[in-house]
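Structure first, then comments.
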Amino acid sequence: MKKRSILITQIGVFVFFLIYFTQISPLLPFDGDDWFFNGSMRVPFPLWGVWNPTRVFPEVLSPVCGYIAAFCLYPFTHDYVGAVGFVRALVVSGLVTVFFYLFYNLLKKLFKLSTRVSIASELFFILSFFLIFKHLNQASYTGFWSNDFDSMFFYLVPGLLNASVILWMAQYRNFHAKLRTMTLAQKGILVLVLYFALFSNTQFNIILATYSFFKVVEVVVKSWQHNHSITQLLKSTYVYLIVLIVWLLTVIFDMHGARANSLSQGQPFTTLFKNTIGHFKLFISYQNTLFVLLGVLVIAISIICWCMGVRNNKKLVVFCVSLANSLTCLVLSTVYLLLAYTKAGSEYVSRVDAMWPIVFFFLYSFCICLSWMISESKIIKVLVPLGLTMLALLAFNFNYQLIPSTVGGYDAKTVKAVDNYIINQVVKADRNGKSKVVVKVPINDKNHNPKDKTSNWPHSYDMAGELQNDLYAHHLIRTRMKIIFKPDISVNHKFYENKSDEQPFISLE
């Protein structure tokens, strides 16, 4: 019966997120980068000096999803844009489901909580990603928002992968002892997952790096207390040390990449850092103040209670160490991201998707403490059904739509219509045997200039070549024909929604 309830819960989570990423907040390509990374695959290992030296996982997974959409789904649906969006939604929903299931498993294995308490805590954890940015009287972000289609794989997916790895490793109080019992096949899968986690995003593998750093410190302290030898210390930390070494190498690679070199700015570091702090304040302003305060209060109360009873309670020691680990990672990740984005561009600090590690560690800390409270208090257990229902009704109040994961904030119906309009022009020219086609696209920049290939974003002039890559790789066109973009205001009038006279929400009260 317990296994059935667990299975039903996880299937329900997957189905919900599949609906979320296909209907509520659809994932659809729109700008040049979206099409470029959907149809062009890099070699699956780090490269010195290229634009993104170590961003391997997103730049491999994205085109693989494109291939699956084009060759497995599109022949049956005849909806190319829809197929691309659905496959990506399927992958992200699967990763999200694994992420939350591993949190459930952590509560069961490490903290020894009951199935009911663990499932309830998992549901609270899910809702927290919606509530932390929820504002009832305006459009809101969520913890699963991305700036655009490709950013979903550049930020959220690496975040989910790195966080899932540490949730799995954290299930075992002695991970290296567990490692010795694993089969060669299991170890091989672990190496594969660690490889892609570390070579995913240099800002997001900090999740795995900070966790490993804390575990090394923890083992060193215990070894010092018990006079363990260096050999014993290495046997208990070698995986964490390898993670830290590889992470450091990814930072060095990225610092010497073409993108990093292009970001060299003449302003002094102090000025740039002040700008970063300003954007960080903007990121804080996106959050729901009451929910964040609730999280801080729950963490504070838990710490006080644990300090009063931890001495003779081994179960509380596990909670204390886990919370200390998470809070340490939260602080270190915050410092690291502020410094990294000072170099990469201060505006990233105000982006919810780019700051996902901070969101994760805060919500993880909050839900660890909340799960303990639920397990220890009969009153809180009684209030769990009411609490989950009330929070779900708040989280999924759609009087105001969620902020779209699209450049320009256009509705998914608009995005799909514009995509199809552009693609159909190219495909029609190919079918007519043309080697060149002039394609009408929306005007997105009044000062667009053909000499500036990046102007008129998101339908920039250089998107023409990137779209050609995609359509050719996916067999929608037969040759690498020349595509020339021609911004035309009539396309805007035909497809873009008119927000000039939007009416306010009429409240029920």
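The values are calculated or read from the model by the stated rules, or taken from the named source; none is laboratory data. In this text the structure is predicted, and so the values were computed from the model without any measurement. Please note: Cβ atoms are built from the backbone with ideal geometry, for glycine as well, and neighbour counts cover all protein chains shown. For accessibility, only protein heavy atoms count, side chains too; no ligands or nucleic acids. Shrake-Rupley method; radii C 1.70, N 1.55, O 1.52, S 1.80 Å.
What are the residues in segment 365-403 that are touching a helix residue (DSSP H, G or I) at 6+ places or on another chain (Cβ under 7 Å) and not hydrophobic (A, V, I, L, M, F, W, C), if any?
Correct list: SER365, SER371, SER375, LYS381.
Looking only at segment 308-329, filter to residues that are at pLDDT 85 or above and open to solvent by 30 Å² or more (accessible area, probe 1.4 Å); which one of those is nearest to MET373 (Cα to Cα)?
CYS320
I'd like to check something: does segment 172-191 contain any residue that is open to solvent by 50 Å² or more (accessible area, probe 1.4 Å) and of a type in the set (Phe, Trp, Tyr)? So that I can check it myself, show each step before the final result.
Quick first cut of segment 172-191, residues open to solvent by 50 Å² or more (accessible area, probe 1.4 Å) only: 173-174, 178, 180-181, 183-187, 189, 191.
Keeping just the survivors that are of a type in the set (Phe, Trp, Tyr) gives none.
No, segment 172-191 has no match at all.
Among the helices (runs of 4 or more DSSP H) confined wholly to segment 176-249, which include 3 or more residues that are closer than 18 Å to PHE360 by Cβ?
Passing ranges, in order: 184-198, 206-226.
Suppose the filter is of a type in the set (A, V, I, L, M, F, W, C), closer than 22 Å to THR406 by Cβ and assigned to a helix (DSSP H, G or I); does PHE21 pass it?
Values: of a type in the set (A, V, I, L, M, F, W, C): yes; closer than 22 Å to THR406 by Cβ: yes; assigned to a helix (DSSP H, G or I): yes.
Considered against the rule, which asks whether it is of a type in the set (A, V, I, L, M, F, W, C), closer than 22 Å to THR406 by Cβ and assigned to a helix (DSSP H, G or I), PHE21 comes out as yes.
Yes/no matrix, rows are residues, columns are (1) at pLDDT 95 or above; (2) acidic (Asp, Glu); (3) open to solvent by 10 Å² or more (accessible area, probe 1.4 Å); (4) over 30 Å from HIS78 (Cβ atoms):
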site	(1), (2), (3), (4)
PRO442	yes, no, no, no
ASP445	no, yes, yes, yes
ASN449	no, no, yes, yes
ASN456	yes, no, no, no
SER460	yes, no, no, no
ALA464	yes, no, no, no
GLN468	yes, no, yes, no
HIS475	yes, no, yes, no
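Please verify whether VAL84 is at pLDDT 95 or above, over 15 Å from the mean Cα position of the chain (by Cα) and closer than 29 Å to TRP457 by Cα, treating the condition exactly as stated.
yes
Looking only at segment 404-435, which residues are among the small types (Gly, Ala, Ser) and either farther than 12 Å from PRO29 by Cα or outside any helix (DSSP H, G or I) (or both)?
Correct list: SER405, GLY408, GLY409, ALA429, GLY433, SER435.
In segment 205-249, which residue that is touching a helix residue (DSSP H, G or I) at 6+ places or on another chain (Cβ under 8 Å) and of a type in the set (D, E, K, R) is most open to solvent (accessible area, probe 1.4 Å)?
So the residue we want is LYS235.
State yes or no: is ASN399 modelled with pLDDT under 95 and open to solvent by 30 Å² or more (accessible area, probe 1.4 Å)?
So ASN399 passes the test.
Mind counting the residues in segment 98-133 that are of a type outside the set (A, V, I, L, M, F, W, C), surrounded by fewer than 22 Cβ atoms within 10 Å (Cβ to Cβ) and in contact with a helix residue (DSSP H, G or I) (Cβ under 9 Å, 6 or more places away or on another chain)?
Going through segment 98-133 one residue at a time, the tally reaches 7.
Does any residue in segment 435-457 that is in contact (Cβ under 8 Å) with a residue 60 or more places away in the chain come within less than 9 Å, Cβ to Cβ, of a residue that is of a type in the set (Asp, Glu) six or more places away or on a different chain, and which pairs are these?
Hits for this filter: TRP457/ASP31; TRP457/ASP445.
Mind listing just one residue for me: the one in segment 341-374 that is at pLDDT 95 or above and of a type in the set (Gly, Ala, Ser) and, of those, surrounded by the fewest Cβ atoms within 10 Å (Cβ to Cβ)?
Ranking the candidates gives SER350 first.
Quick one: is LEU61 open to solvent by 20 Å² or more (accessible area, probe 1.4 Å) and under 17 Å from the mean Cα position of the chain (by Cα)?
Details: open to solvent by 20 Å² or more (accessible area, probe 1.4 Å): yes; under 17 Å from the mean Cα position of the chain (by Cα): yes.
Judged against the criteria, LEU61 is a match.
Can you pull out the residues in segment 36-46 that are more than 19 Å from the chain's Cα centre (by Cα) and either open to solvent by less than 30 Å² (accessible area, probe 1.4 Å) or touching a residue at least 24 places away in the same chain (Cβ under 8 Å) (or both)?
Result: PHE36, GLY39, SER40, PHE45, PRO46.
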